[in-house]
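Have a look at the structure below, then the notes.
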Amino acid sequence: MSYAEERQDAAIGWVIRLRDPEFAQWDSFVEWLEADVAHAAAYDTVAIADVGAAAMLRPAARPVAAPAFAVPALRTTRRVWLGWSAGAIAAALIAAVAVPQLVPAQPDTVVATAAGEKRSIVLADGTRVDLNGGTRLAYAAASPREVRLDVGEALFSVRHSAVPFTVTAGDATLRDVGTVFNVTRSAGRTEVAVAEGGVLFNPEGEKLLVSAGGKLVVGDAIEVGTVDAASVGAWRSGRLVYHGATVGQIAADLSRNIGETVVATPAARQAVFTGTIVIDSDRTRLFARVSGLLGVEATHGAGGWRLAPRTPTLD
Amino acid sequence: MTVDGLEAAFMQNRAPLLRFLRARGGGDDAEDLLQELWLKVIRPDSRPIASPTAYLYRMANNLMLDRRRSIERAMRRDREWAGSDDAVEPASAVPSAERIVAGHQQLGLADRALDALGERTATIFRRFRLDGVGQREIAAEQGISLSAVEKNLQRAYRAMIETQRALDAEPAAPQRPVIEGARDVVR
């Protein structure tokens, strides 16, 4: 056994002995610490791993046995045992609270809208969901407060209850702690905009709170931004409100709202736009408007609409 | 014994406590750390304590451990920021320690490392560390000697130290960078 290993084993011995709240051999402990400057560091390493162990291990499912050393009259002795450090208590509590509930609800109801179709539904708990075109939502009758958004866009007006309302969109979990928020999901990208109240993103992971007027875009990175709360879900009244959105995103939104494929060419995709597009049922008028606002050329073919950069006369 | 008793015990043990803090790695900061300990001792919510000297040493030991953990957290943060390409500020209000804990548990590395040592060792460690059962009682439960219990605990602790080392070596959990201040964002 190497010297470092011997030292570590000795440190382990001390950590184990110190776990006994009746431990009183402090002078022996000091002697060991003073015997070699490396002993204190060795002890710290083991002690940190000891604190970490309680946090890293999944809590036992069975009820915890009463500690053998508990002496009821000496409350503070017990406190010393539990009070390994304030950090350890916090870590232990978090470990208890953050046990991931990995049993997925088996959704047995799917609601889907056709391209360009809008629909409103009310869930069993009274939560109202407004679905945009090309949207698929799933939920299980057994767990009415858990919903999965596979694709598309939905505005949730959550009925307040003791049970939190959760929306899963890809690997994003959104827990509602308030009332009104909009979720958009397309390939590799989930967007959340909150009108009222607040939404907790990935309660078991990043744990970001998005409040009213806040917005989150989740993809390779997580982008936190602001949004005009009044314009969240404005698509329901045929208004698409943008601040610095790309033409590519707008094309995707248009597809969803009008039910016809709208694609921006690679050259047109990156341009940004700030303003509002009002959806006109007359497509020709709508795309004339889009053309002017976005500075693109809109052409209609068999596959749908194509947005390309304007043929430049000046560039 | 009352709070005054604890204060008196502190006064009597000032020199040995200072020595302890130095031995624990406090170095030149030992006097300051002793002062910190004193402030904790005189806090009004102290309750009657059976053994004040042991209590003081326990507090001093915890103080040193917390200090070590803060230093390591700061070092880890510096390493991560030094390694990242963009000057990205974490937007989350949750302190990184909690995030790290949640991440580690989800990875299940510690459980697997412990279970790999066999059912007896894993059980003994969990009884000792999670259930808070003493070594003698565990020896009785398992029908083995006290030294056998100690050996099992040693093995388990070695595995936990290794797991801690492995987890400290990489970013805590698959974390995506969080960027603040975006409106409709360009990807």
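With solvent modelled as a 1.4 Å probe, how much accessible area in total do chains A and B shield from it at their shared surface, in Å² to the nearest 100?
Numbers: alone 17950 and 13630 Å², together 24260 Å².
For A against B, buried area totals roughly 7300 Å².
What does the structure give for A:3-12 when I average, per residue, the other chain Cβ atoms found within 10 Å of the residue Cβ?
On the way: counts 0, 0, 1, 0, 0, 4, 3, 0, 2, 9.
The shielding value for this peptide is 2.
If the only charges are +1 at each Lys and Arg Cβ and -1 at each Asp and Glu Cβ, what is the size of the charge dipole of the stretch A:222-315 around the Cα centre, to the nearest 20 debye? Don't skip to the end; give the middle numbers.
Numbers: 9 positive and 8 negative charges, 34 e Å.
About 160 debye.
Percent of accessible area on the stretch A:224-315 owned by carbon and sulfur, 1.4 Å probe?
55 percent
Quick one: if the Förster radius is 51 Å, what FRET efficiency do A:Glu196 and B:Gln12 give, using the C-beta to C-beta distance and rounding to 0.05?
With R0 = 51 Å, the Cβ-Cβ based efficiency is 0.25.
Summarise the partner chain shielding of A:36-44 as one whole number: the mean count of Cβ atoms from other chains within 10 Å of each residue's Cβ. Spell out each step's value before the answer.
On the way: counts 0, 3, 0, 3, 8, 3, 0, 7, 9.
Partner Cβ neighbours, averaged per residue: 4.
Any idea what the dipole of the stretch B:1-43 comes to, in debye rounded to 20, about its Cα centre with Lys/Arg Cβ at +1 and Asp/Glu Cβ at -1?
With only Lys, Arg, Asp and Glu charged at Cβ, the dipole is about 180 debye.
Going by a 1.4 Å probe on protein heavy atoms, which residues of the stretch B:17-32 end up with at least 30 Å² less accessible surface in the whole assembly than in their chain alone?
B:Arg19, B:Phe20, B:Ala23, B:Arg24
Which of the residues in the stretch B:150-165 lose at least 30 Å² of accessible area when you go from the chain alone to all protein chains together (probe 1.4 Å)?
Checking the loss per residue gives B:Gln154, B:Tyr157, B:Arg158, B:Met160, B:Ile161, B:Gln164.
The values are calculated or read from the model by the stated rules, or taken from the named source; none is laboratory data. Remember, predicted model here, so these are calculated numbers, not experimental data. Note: ideal-geometry Cβ built from the backbone for every residue, glycine included; neighbour counts use all protein chains shown. With ligands, DNA and RNA removed, areas are computed over all heavy atoms of the protein, side chains included. Shrake-Rupley method; radii C 1.70, N 1.55, O 1.52, S 1.80 Å.
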